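Structure first, then comments.
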Amino acid sequence: MGDGGVGRRTFLAAMTGSGAAATAAADPAADPAAAETADGAAGGPEAEIRALVGRMTVAEKLGQLQQLAWTGATGPGGSQTASAEQAARKGELGSVLNIFGARHSNALQRIAVEESRLGIPLVFGLDVIHGFWTTFPIPLAQAASFDPEVARVDGEVSAKEARSNGIHWTFSPMMDVTHEPRWGRIAESCGEDPCLTSAFAAAKTRGYQGGDLAAKDRVAACAKHFVAYGGAEGGRDYNTVDVSESRLRNLYLPPFKAALDAGCATVMASFNTLSGIPAHANSHTLTEILKEDWEFDGVVVSDWNGVGELLPHGFAADGADAGRIALTAGVDMEMVSTHLADHGAELLASGRIKEDRLDDAVARVLRLKYALGLFAQPYVEEAEAVPGPTPQTRKAAREVAARSMVLLKNEGEVLPIGPGKAVAVVGPFADSRDMQGTWAGPGGEKFPPVTVLHGMRDGAGRGARVTYGVGATKAADVVVVVVGEGAKLSGEAASRSDLGLPGDQEELIEAVAATGIPFVVVLLNGRPLTVGNWVESASAVLEAWHPGIEGGHAIADVLYGKVNPGGKLPASFPRNVGQVPVHYNHENTGRPYDPKSPGNTYVTGYSDVERTPQFPFGYGLSYTTFEIGTPKASVARIGAGELRRGETFEVEVSVRNVGEVAGDEVVQLYVHDPVASLVQPVRRLRGFERVALGVGEAKVVRFVLGAEDLGFWTNAVDGRFVVEAGRVDLYVGSSSDARSACTIQVD
Ligand code: GLC
């Protein structure tokens, strides 16, 4: 067996509090005589894992690497319930996904633990992406809060609800950076920036896992989809990704490193190819980078039939080949397809897969189960199963939703809606329950959301009238038009070639505009949309995303001013779909982006649309106004060598609330290296802080910058990170259009 992390600091050591390690020794399957501590010294799970692997047959080892779907397919094919029970009984199954409910999971677990030869428990996985019973806003919405704490709260609430209902492992957080609003899965992402995505990936991981995976209210997290899935050509899901080594390492990999540094226990491989090599077959990413450079000793699970898809990718000749390639490249567990289980014995006997690799994969799966405390306690207490949302979790979801909303326009002081106003709520989503977004958990159906109409009526002050439907607009002081895209139009296998409001929603908005009554457009969507001319006639536009179970209340809180919106866009909104990709972290090119003008004809960009997006990354308004000062660096110059040795410096800037109400501002810091051995983006977000300020209140925000903020990965395949001498421009502001700057010199 390869050194499955023994002697290295394993995630098990990091993730085991009073739980797994201490109690694992009591486990009958272990070999107490050889027991060692978690880090490989005498008395811990690593020794027990080795001893257990040594007792397993080839069929039992291959079974540990198999995950089958219980019910509800989230990919091609159906459920595998019958074969799962049979395999569990034979001790030839490692995991099951899409099972939940304490009674169901205990029943299946009992078969594995009490009827198989070695009694190795199963690990149960489910996509708990933004809520189990309590549905939080979609991840793209949460990213718009620019407050990673909201993701930690979602993770913590979700883990408690899920674990008590038999789930040990969530296939979340998704951390695919993307420049593609056409891609349906942007809804599950944190948008176009690696720094913002990294902060949320780490926070969500901590929320799910806490400090002890064996705790009854924690689940193992899964960093997905490894890697560069968000770079699919045309934003077409599952499609080709051709990426340079430097873009792989500067744009797509950082969030995964952040999640693993936060102790993330598992990683899921992605469906796409990476410059011709499928991610499920890519030893450069799965083994060289993930397992060797980063020393990841957790489990790499395939995506649904991802191993099987090596055949249609044209990379494997048959099932045996697919299983061999995937295991050898670094996949440890096969989701749904069964090529390793079917062909592994013959592959091993013929030397086409190595026993070391097989045993290492098995050890990783067992390590996950030890960390989860499953050997010590494989069952959940049915009486302790959380039955549904509570007032506290609803309150949390409501606060997160309001914090995630982005005010895109507000003229004529229409917002916030004052007391006693007559409000007409109209539009296809005005009283719709379709607000939970893609990948809503079991609670998405079972516990429907508060609709906008319901929330507006609950939130209306005394004397206010809230009516419903276009017919009621005549008597209204303000019309709230609720439009957007349903959950089915976003998420997996939901890419769109048109980013406009579906159907005749734009016509509805124009009709409301024609009444001359001031109106607010509320967007419920899972991706950046292109807005029509109506954006000129609307008094206000609020981006509310798919806000989850308390969406209606949160929207009312913002529209009535109980909450002053402070969110910012995590992804640029294009002016039209032809402009895509349009993102803030682009290169400058050799020609100007400016529109054509006499004597300036050779420009990049389009002749028929402005070069800038409709709304840029980091943009969002407030009911108050802020002034952000000029940034000051704590050094005028700093050595590249000092930075490489870990030296840091500070950039500070003041921010003041100069308006009439309290509110939040997100102070953002961007870096630009104007001359480098690899052309750099015109802006790179390297710091952000959401600050709450009362009227007239000011605060000094400080950012600490180091090598990772000023340097970059080169195109060297073996990974070279460089910090180069030269000028570095530092911009601070309230969006990626930040202009206020200072400069430092790197020597
Ligand atoms: C899906 C998704 C993945 C999910 C898995 C299990 O195809 O790509 O994100 O976790 O299958 O449902």
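Equivalent ellipsoid of the range 325-411: semi-axes from √(5λ) of the C-alpha gyration tensor, largest first, are 44, 23, 11 Å.
For the range 194-260, the carbon plus sulfur part of the accessible surface works out to 47%, probe radius 1.4 Å. Backbone amide hydrogens, once placed in the peptide plane, bring THR273 within less than 5 Å of VAL241, ALA279, excluding anything fewer than 5 places away on its chain.
Amide H contacts of GLY659: THR625, GLY696, each under 5 Å away and 5 or more positions distant or on a separate chain (H built 1.01 Å from N in the peptide plane; Pro and chain starts excluded).
Working note: Karplus 6.51/-1.76/1.60 with θ = phi - 60° gives the range 701-714 the couplings 9, 10, 10, 9, 10, x, 3, 5, 8, 9, x, 7, 7, 8 Hz, where Gly and Pro are set to x. Structure note, pairs LYS257/LYS395; LYS446/LYS488; LYS395/LYS699; LYS90/LYS369; LYS568/LYS632; LYS395/LYS421: Cα-Cα distances above 21 angstrom occur for LYS257/LYS395; LYS395/LYS699; LYS568/LYS632; LYS395/LYS421. Each of ARG462, ARG218, ARG739 has its accessible area taken with a 1.4 Å probe; listed largest first, they run ARG462, ARG739, ARG218.
Show ASP217, ASP359 ordered by accessible area, largest first, where the area counts protein heavy atoms only and the probe is 1.4 Å.
Details: ASP217 60, ASP359 10 Å².
These residues rank, largest area first, as ASP217, ASP359.
Listed by chain and number, the aspartates and glutamates whose alpha-carbon sits under 12 Å from that of LYS562, ignoring those within fewer than 8 places in the same chain, are GLU399. For the range 651-668, 3J(HN,Hα) computed residue by residue from phi via the Karplus equation (6.51, -1.76, 1.60; θ = phi - 60°) reads 10, 10, 8, 9, 9, 10, 8, 9, x, 9, 9, 5, x, 10, 10, 9, 7, 10 Hz, glycine and proline entered as x. A viscosity of 0.692 mPa s and a temperature of 37 °C, combined with the Kirkwood radius over C-alpha pairs in the Stokes-Einstein formula, give the chain a diffusion coefficient of 122 µm²/s. Computed from the Cα positions only, the extents of the range 361-511 along the three principal axes stand at 67, 43, 26 Å, in decreasing order.
Let me check I've understood the local charge: for GLU399, count other residues with C-beta under 14 angstrom from its C-beta, Lys and Arg +1, Asp and Glu -1. What total comes out? Spell out each step's value before the answer.
Details: positive: ARG152, ARG394, LYS395, ARG398, ARG403, LYS562, ARG690; negative: ASP147, GLU149, ASP154, GLU156, GLU550, ASP557, ASP664.
So the environment of GLU399 carries a net charge of 0.
Which value in deg cm²/dmol, rounded to the nearest 500, describes the helix-derived mean residue ellipticity at 222 nm for the chain, given -39,500 (n - 2.57) per DSSP H run of n ≥ 4 and division by the residue count? Please list the in-between numbers first.
Details: 21 runs with 194 residues, N = 747.
When only DSSP H runs of four or more count, the value is -7500 deg cm²/dmol.
Proximity of backbone amide H atoms, modeled 1.01 Å from N, is registered between VAL746 and ILE638, GLY726, ARG727, VAL728 at under 5 Å, excluding neighbours fewer than 5 places apart on the same chain. For LYS596, no lysines have a Cα falling under 16 Å of its own Cα, not counting residues fewer than eight places away in the same chain.
Using heavy atoms of the protein chains and a probe of 1.4 Å, the accessible area assigned to VAL577 is about 50 Å².
The Cα-based radius of gyration and maximum Cα-Cα distance (Dmax) for the range 626-746 are 15.7, 55 Å. Of all complete DSSP H helices in the chain, not one has a Cα span along the helix axis of 30 Å or greater and a mean Kyte-Doolittle hydropathy of 1.0 or more.
Think of a 1.4 Å ball rolled over the protein heavy atoms: the chain then has 35 Å² of accessible area per residue. Taking all protein chains as shown and a probe of 1.4 angstrom, GLU689 keeps an accessible surface of around 50 Å².
Percent of Cα-Cα pairs more than 35 Å apart in the range 3-384, please. Kindly include the intermediate steps, with their values, before the conclusion.
On the way: 12039 of 72771 pairs.
Taking all Cα-Cα pairs of the range 3-384, the fraction more than 35 Å apart is 17 percent.
Convex hull volume of the C-alpha atoms in the range 182-320, normalised per residue: 119 Å³. Taken over the range 274-396, the ratio of Cα radius of gyration to 2.2 N^0.38 Å equals 1.32.
Considering only protein heavy atoms and a 1.4 Å probe, what is the carbon-and-sulfur percentage of the accessible area of the range 491-641?
On the way: 2960 of 5970 Å².
Carbon and sulfur atoms account for 50 percent of the accessible area of the range 491-641.
Which net charge results for the neighbourhood of VAL609, defined as the other residues with beta-carbon distances under 14 angstrom from its beta-carbon, given Lys and Arg at +1 and Asp and Glu at -1?
On the way: positive: ARG575, LYS596, ARG611; negative: ASP594, ASP608, GLU610.
Net charge in that neighbourhood comes out at 0.
Computed 3J(HN,Hα) for the range 605-615, one whole-Hz value per residue from the Karplus formula 6.51 cos²θ - 1.76 cosθ + 1.60 where θ = phi - 60°, is x, 10, 7, 10, 8, 4, 6, 8, x, 4, 9, glycine and proline marked x. Applying Stokes-Einstein at 20 °C and 1.002 mPa s to the Kirkwood radius of the range 582-683, computed over alpha-carbon pairs, gives a translational diffusion coefficient of 122 µm² s⁻¹.
Calculate how large, on average over all directions, the projected area of the Cα convex hull of the range 145-255 is; give the answer in nm² to one decimal. Don't skip to the answer; put the middle values down first.
Numbers: hull surface 28.1 nm².
The number I arrive at for the range 145-255 is 7.0 nm².
Counting charges near ARG89 (Lys, Arg +1; Asp, Glu -1) among other residues having Cβ under 15 Å from its Cβ returns a value of -2. Counting only DSSP beta bridges whose two residues both lie in the chain, roughly 55 percent are antiparallel.
The values are calculated or read from the model by the stated rules, or taken from the named source; none is laboratory data. Note that this is a predicted model, so its numbers are computed, not measured. Every residue, glycine as well, gets a Cβ built from its backbone with ideal geometry; the counts of neighbours run over all protein chains shown. In case anyone asks, the SASA skips ligands and DNA or RNA and just uses the protein heavy atoms, side chains included. Shrake-Rupley method; radii C 1.70, N 1.55, O 1.52, S 1.80 Å.
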